[in-house]
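The values are calculated or read from the model by the stated rules, or taken from the named source; none is laboratory data. Treat the numbers as computed from the prediction; the structure is a model and nothing was measured. Every residue, glycine among them, receives a Cβ derived from its backbone with ideal geometry; neighbour counts consider all protein chains shown. Surface accessibility is based on the protein's heavy atoms, side chains included, excluding ligands, DNA and RNA. Shrake-Rupley method; radii C 1.70, N 1.55, O 1.52, S 1.80 Å.
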Amino acid sequence: MNQLNFDINFFVDNIWQKKPIVIKKGIRDFNDPISPEELAGLAMESDVASRVVVTKGDDWEIVHGPFEDYETFGEQGWQLLVQAANHWHEASTNFTEAFRFLPDWRFDDLMVSFAAVNGGVGPHIDNYDVFIIQGSGKRHWKVGNKGKHKPRHNDPQSALVEDFSPIIDETLEPGDILYIPPGFPHSGTTLENSMSYSLGYRAPSQQELFNDLADFLMDNELGKQRYESTIKATGKGAVGRSEQVDLMQLISDFVNTPENHQAALGTLLSKNRFELDISPDDSIEAEDIISSINDGCDFTRIGGLKVLCLEQDCKRRLFVDGESYSFNQTSEEILAYLSDHLVLENDWLKEQVKDNELLDFLTQMFQLGYVYTHDT
């Protein structure tokens, strides 16, 4: 496994969400977890989100996958990007584990790209944190400071911005890491045919939280308490200040009640934005789970699956890909193990197999295609 070669505590305390930085040899002796050919094969699949960005002078054209071939793009000036490669490729999944010093709920996906010489996506600004790890080849990166940056060609619909003055101007080589917080414009140009790996960390906006909370209320028939008041209006067309406060308090009372907001947050934060590589199998039964454990198997999560628990949750439960799973007897220590570990080791499984609630949960996970067996 690739090991990080920098002070994680210093990074979290002094760099994270504060400023961009280049970490030379952030991963020593770096090896690409996926080849260009494997990446090209993933981008041919209809379930995999992919695109090619073609450089055209001072502009860029986006072509969305899936792709049948790549000959039309030529030998220079294009870049293939595959979203959520960690959902579909086991070695790419393993690669992301080194970055789990940041909480799982913030991790969005691993985007892997192959860029031909002079390929790039143009200067742009992301609204999420990103680590860009250089694989084979070399790419030149520029990062600007935060500020008011004009959209490319004054097009408000464009995701691109006009050129900027760089505060970082570096060529990345294999194992180098570029970290960029939200709001900093950046642009990369390929000097040699290159592989690069972008780990995105996303937090919801107020708009997204309100939208998802509204969906949660409607889906679960919650939030039906109506405003009640005996206060007389201050005028025929007026909404009194105290009434304004009381109306907003109705919202505040709901979201500040743990029984309400914890269920909504667990649902929202555990849901994946991209498709998962699942193979459901309703025929699996508890006896099959016990047999696999007795055979010495480990149980491994599929790539990208989020299994979350909430600290000081008012109920004993786990959230898995937007669904809640309740427990009555299973200990919080066991739930923490389930949420923290991507691989449930056989020795641990043998110790816990008599827990019927846990066995039922694992059976459901196998039936849904969220877990698979690994021989030890």
- Message: Need the list of lysines near LYS150 for cross-linking: C-alpha distance under 18 angstrom, and skip anything on the same chain fewer than eight residues off.
- Response: LYS142
- Message: Just to be sure I understand: with springs between alpha-carbon atoms less than 10 Å apart, which residue in SER339, SER291, SER50 has the highest mean-square fluctuation in the Gaussian network model of the chain?
- Response: SER291
- Taking just the C-alpha trace of region 171-226, give me its Rg and Dmax in Å. 20.2, 63
- Applying the Karplus parametrisation 6.51 cos²θ - 1.76 cosθ + 1.60 with θ = phi - 60° to the phi angles of region 247-261, what ³J(HN,Hα) value in whole Hz is obtained for each residue in order, glycine and proline being reported as x? 5, 5, 5, 4, 5, 4, 4, 5, 6, 8, 8, x, 4, 8, 6
- Low-density loop cleavage sites - GluC sites (Glu not before Pro) in region 51-124, where at most 11 other Cβ are within 10 Å (DSSP): GLU68, GLU75
- Task: Quick one: pull the percent of accessible area on region 199-312 belonging to carbon and sulfur, 1.4 Å probe, ligands and nucleic acids left out.
- Result: 49
- Give the cross-link partners of LYS350 among the lysines, using a straight C-alpha distance below 24 Å as the criterion and excluding same-chain residues fewer than 8 apart. LYS306
- Take the Cα atoms of region 215-347, find their three principal axes, and give me the spread along each one in whole Å, biggest first. 77, 30, 22
- Item | Range in the chain, longest, excluding exposed trypsin sites (Lys or Arg not before Pro) [loop by DSSP; at most 11 other beta-carbon atoms within 10 Å] | 237-353
- Keeping all protein chains in place, calculate the accessible area per residue for region 1-115 (probe 1.4 angstrom), answer in Å². 52
- Query: Measuring from centroid to centroid over Cα atoms, what is the spacing of region 45-123 and region 2-43 in Å?
  - Reply: 16
- Task: Holding the Cα-Cα limit at 25 Å, pick out from LYS18/LYS148; LYS24/LYS271; LYS18/LYS271; LYS271/LYS315; LYS25/LYS271 the pairs that are longer than that.
- Result: LYS24/LYS271; LYS18/LYS271; LYS25/LYS271
- Message: Cut-off 13 Å, label point 7 angstrom out along Cα-to-Cβ of GLU61: give me the residues of region 85-126 whose amide nitrogen falls inside.
- Response: none
- Item | DSSP-assigned coil residues among GluC sites (Glu not before Pro) in region 175-258, each with at most 14 further Cβ atoms within 10 Å | GLU192, GLU221, GLU228
- Potential extension, ASP347-LEU222 segment - 0.36 nm per residue separation minus Cα distance: 40.8 nm
- Heavy-atom surface of region 125-250, accessible at 1.4 Å and reported per residue (Å²): 60
- Note on the structure: For the chain, one quarter of the surface area of the C-alpha convex hull, expressed in nm², comes to 24.2
- region 137-154 to region 233-292: how many Å between their Cα centroids? 36
- Query: Counting pairs of alpha carbon atoms under 8 Å apart in space and at least six apart in sequence, what relative contact order in percent does the chain give?
  - Reply: 16
